[in-house]
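K.L.:
Got a structure for you, questions after.
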Amino acid sequence: MNRIQTYLSFVRFSHSVFALPFALTGALLALHEQSTSALRASVDRLPAGEIGWRVAWIVIAMVAARSAAMGFNRLVDAQYDAKNPRTAMREIPRGAMTRREAIVFVAVSSAAFIAASYQLGRVCFALSPVALAIVFWYSLAKRFTSYTQLFLALAMAVAPVGGWLAAGGPIGAVEPWLLGAAIGTWVGGFDILYACQDLDFDRAAGLKSIPVRFGVRHSLLLSRLMHVIAVACLAGLAAVADLGPVYLAGVGLVAVLLVYEQSLVSEHDLSQVKRAFDLNGYVGILYFVATAASLYVK
């Protein structure tokens with residue numbers, strides 16, 4: 001059990017609640033669209049058993065991809081984590097996990113993601129290496145570009161698009177891309193907040209980020225702008241996907257959470273960044289519940 005806890009802590013397993021609800025929302029919207037189209041065309045809808053299996057493989061793919069990405073991040077950043085007081089007690093720096101164990105973990109998680117993608121169809125399987133390349137690149141980006149947080153935004157934006165495709169939605173539809181833009185700007189916005197607390201260390205270590213380039217004040221403004229865009233994209237989805245007042249009420253609550261999150265952090269006080277970061281765990285769950293309720297609760 002101690003080893004299991006070590007591995008779960010290694011990848012911050014509880015943080016899966018950030019992207020997973022959005023991937024499931026993408027799948028939910030695609031399945032609802034297919035169901036509606038089937039009714040209009042008077043053809044049979046997907047069997048409940050097949051839907052259940054697709055959802056299960058989507059969850060496995062999401063958890064595996066995130067675990068691979070997080071493990072890779074911890075592996076390539078171990079030398080920096082050991083020198084940063086905030087991260088020195090992570091598993092590799094403190095010796096709770098060896099680099100070899102981390103490499104095996106990343107390899108197994110990557111293989112599990114590709115295997116799950118295979119179960120979800122040819123398109124998902126063909127795109128799985130691209131998805132892994134995107135999520136891995138984020139961990140290396142701060143060595144080369146100041147716009148590291150935007151690459152995390154891109155990596156997370158893949159989640160709802162993947163969920164949509166995995167559920168059989170058409171790639172040319174507007175919904176998954178609008179949802180992807182929403183989660184990307186949301187995650188990018190709170191990752192900028194999170195990066196502000198490492199500003200001094202990153203500068204000393206020669207690492208790059210939006211806070212390092214623009215300073216805390218301008219970084220906070222950008223973070224807030226990204227969260228405004230995220231809420232606008234979520235609200236815009238209501239018109240595109242014909243979602244009702246229950247959905248818009250959920251988006252309103254998400255907006256309230258993000259306003260509160262931003263209020264906890266200021267240019268001169270970063271002491272509440274962790275508290276602000278943790279609030280994001282409620283955003284995805286709240287949004288998924290609101291979307292599901294708007295589609296299926298009449």
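The values are calculated or read from the model by the stated rules, or taken from the named source; none is laboratory data. What you see is a predicted model; the values in this text were computed from it and never measured. No Cβ is skipped: glycine too gets one built from the backbone with ideal geometry, and neighbour counts run over all protein chains shown. Ligands, DNA and RNA are stripped out before the accessible areas are found, and what is left, the full protein with its side chains, is counted by its heavy atoms. Shrake-Rupley method; radii C 1.70, N 1.55, O 1.52, S 1.80 Å.
K.L.:
Rounding to the nearest 10 and keeping the result within 0 to 90°, find how far the Cα-based axis of helix 99-119 lies from the longest principal axis of the chain.
P.N.:
10
K.L.:
Could you work out what % of the accessible surface of segment 84-154 is carbon and sulfur, using a 1.4 angstrom probe and leaving DNA, RNA and ligands out of the count?
P.N.:
Carbon with sulfur: 70 percent of the solvent-accessible area.
K.L.:
Among 234-245, 76-87, how do they line up from the highest to the lowest mean number of other beta-carbon atoms within 10 Å?
P.N.:
234-245, 76-87
K.L.:
Could you derive backbone 3J(HN,Hα) for segment 57-74 from the dihedral phi with the Karplus parameters 6.51, -1.76 and 1.60 (θ = phi - 60°), listing whole Hz in sequence and x where the residue is Gly or Pro?
P.N.:
5, 5, 4, 4, 4, 5, 5, 5, 5, 5, 5, 4, 5, 5, x, 4, 4, 5
K.L.:
Here is a follow-up. Could I get the Rg over Rh figure for segment 91-243? Both from C-alpha atoms, Rh via Kirkwood, rounded to two places.
P.N.:
1.03
K.L.:
If the cut-off is 14 Å between C-alpha atoms, which aspartates and glutamates fall inside it for K274, apart from same-chain ones fewer than 8 positions away?
P.N.:
Cα-Cα hits under 14 Å: D191, D198, E261.
K.L.:
OK, next. Give me the distance in nm between label points sitting 7 Å out from Cα along the Cα-to-Cβ direction at A115 and V228, one decimal.
P.N.:
My value for the distance between the label points is 4.7 nm.
K.L.:
Net charge around A235, counting only other residues with Cβ within less than 15 Å of its Cβ (Lys, Arg = +1; Asp, Glu = -1)?
P.N.:
With Lys, Arg at +1 and Asp, Glu at -1, the net is -2.
K.L.:
Quick one: among S266, S223, S110, which has the greatest mean-square fluctuation in a GNM of the chain with alpha-carbon springs under 10 angstrom?
P.N.:
Most flexible of the set in this elastic network: S266.
K.L.:
Hey, another quick one. Please compute the volume of the convex hull spanned by the alpha-carbon atoms of segment 166-296 and report it per residue in Å³.
P.N.:
Spread over its residues, the Cα hull of segment 166-296 gives 117 Å³ apiece.
K.L.:
For a label point 7 angstrom out from the Cα of Y296 toward its Cβ, which stretches of segment 163-199 have the backbone nitrogen within less than 18 Å?
P.N.:
163-169
K.L.:
In degrees between 0 and 90, to the nearest 10, how far off the longest principal axis of the chain does helix 148-166 point, with axes built from Cα atoms?
P.N.:
Around 20 degrees separate the two axes.
K.L.:
Sorted by mean Cβ packing within 10 Å, highest first, what order do the peptides 59-68, 170-179 take?
P.N.:
59-68, 170-179
K.L.:
Report relative contact order for the chain in percent, whole number only (criteria: Cα-Cα under 8 Å, sequence separation at least 6).
P.N.:
It rounds to 22 percent for the chain.
K.L.:
Where the convex hull is taken over the Cα atoms of the chain, what is its projected area averaged over directions, in nm²?
P.N.:
Its average projected convex-hull area is 15.8 nm².
K.L.:
How would you rank 205-215, 98-108, highest first, on the average number of other Cβ atoms within 10 Å across their residues?
P.N.:
205-215, 98-108
K.L.:
Could you give the distance between the Cα centres of segment 258-298 and segment 101-139, to the whole Å?
P.N.:
28
K.L.:
May I ask for the angle, rounded to the nearest 10°, between helix 210-240 and the longest principal axis of the chain, with both axes built from Cα atoms and the value confined to 0 to 90°?
P.N.:
For 210-240 against the chain, the angle is about 10 degrees.
K.L.:
7 Å from Cα along Cα→Cβ at both M89 and R12: what's the point-to-point distance in nm?
P.N.:
Going from the M89 label point to the R12 one covers 1.5 nm.
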